1. Give the order of MET254, MET185 when sorted by the count of other beta carbons within 10 angstrom, beginning with the fewest.
2. Enumerate the calculated ³J(HN,Hα) couplings along segment 175-192 in order (Karplus 6.51 cos²θ - 1.76 cosθ + 1.60, θ = phi - 60°), each rounded to whole Hz, writing x wherever the residue is Gly or Pro.
3. At what distance in nm do the modelled label points of GLU266 and ARG190 sit from each other, each positioned 7 Å from its Cα along Cα→Cβ?
4. Can you sort ARG193, ARG223, ARG42 so the residue with the fewest Cβ neighbours within 10 Å comes first?
5. Sort SER87, SER174 so that the residue with the fewest other Cβ atoms within 10 Å of its own Cβ comes first and the one with the most comes last.
6. Tell me, in nm to one decimal, what length is gained between LYS34 and GLU210 on full extension, where the rule is 0.36 nm per residue of separation less the Cα-Cα distance?
7. When the Karplus curve 6.51 cos²θ - 1.76 cosθ + 1.60 is applied with θ = phi - 60°, which whole-Hz ³J(HN,Hα) does each residue of segment 53-62 get, with x for Gly and Pro?
8. How about segment 170-251: which GluC sites (Glu not before Pro) there are in a DSSP loop, with at most 15 other Cβ atoms within 10 Å of their Cβ?
Amino acid sequence: MDTSVAENSNLGGSNYHKLESPTQLQTLLGADLKRLSVLYFRAEWAEICKTADPFIKSLSQKWKEPLFLEIEAESLPDVAESFEVSSVPCFVILRGHQLLSRIIGAELPQLEADVEKFVKASQNKQNNGKYEILSETTQKPQPPSSALNVNKLQAGTGPNEDETEEQLFARCKSIMQQSKVVVFMKGDPRTPRCGFSQQTVKILQDLNIEFTTFDILTDEQVRQGMKKLNSWPTFPQIIIKGELVGGLDILKEMIQNNGKEKTELEELLEQ
């Protein structure tokens, strides 16, 4: 797409939204887990975003299928931190909660190419039955072992600079299996380091659910390994019986009874 053409576009399509809150993000992403989403992190003070603004809006007019979200990184720090945005502009492409692409800087031709690629992949899915994602779990976790306390859990096998991906995944899975409910979060239950982690801890504590945690800020290898292993780009990651169930938004859905005798979370924990 010619950037000069994009600069003449002031309005996005009906699929273009300016994000107002973390809750809105959870609602929009959770509405259709098969839909492509393009998250555009920007800042008003960044001159380079003045070029990116009309460009991404014109993309939303060209491609009607994806959801385009404009996010003020400084106004919504929890969202920016959740996606580990440290500079703007930053573009994150998701399908549901699966990370497809991350572009840092005003690499607009690359952004357009990626959007086109993933839109066409979605359109052609019926032919091959598989989406392209950055990573995916290829092995089912083993049954969890007995629960450990927080300090013991975090003190496990430490990071190793020479660790292979296979060894890293094995270490991640070991942590995932060390108690019935494990939360990979930023900080710990006493001092959560982001709003999403704080809300997750509060929900589990209010429900009197026993859980252990792993502070991903203490181990960058585990932090990156968990994102790749589980095809889940953000934290917290909630693990139940050795398997990823999702993040905060999924947890909120699981504690709704929807007229049933037990919630989905209660049923899962009782299995």
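1. Numbers: MET254 19, MET185 25.
The order, fewest Cβ neighbours first, is MET254, MET185.
2. Using θ = phi - 60°, the values come out as 5, 4, 9, 7, 7, 5, 10, 10, 10, 8, 9, 9, x, 9, x, 6, 9, x Hz.
3. Going by the 7 Å Cα→Cβ label model, 3.3 nm.
4. Numbers: ARG193 16, ARG223 19, ARG42 22.
Starting with the residue having the fewest Cβ neighbours, the order is ARG193, ARG223, ARG42.
5. On the way: SER87 12, SER174 15.
Final ranking by Cβ density, sparse to dense: SER87, SER174.
6. Values: separation 176, 0.36 × 176 = 63.36 nm, distance 3.21 nm.
Result for the pair: 60.1 nm of gain on full extension.
7. 3, x, 5, 6, 5, 5, 4, 5, 6, 6
8. Details: sites: GLU210, GLU220, GLU243; in loops: GLU210.
Passing sites in segment 170-251 are GLU210.
Throughout, read-outs are computed from the coordinates displayed, never taken from laboratory work. No experiment lies behind these values; they were computed from the predicted model shown. Every residue, glycine as well, gets a Cβ built from its backbone with ideal geometry; the counts of neighbours run over all protein chains shown.
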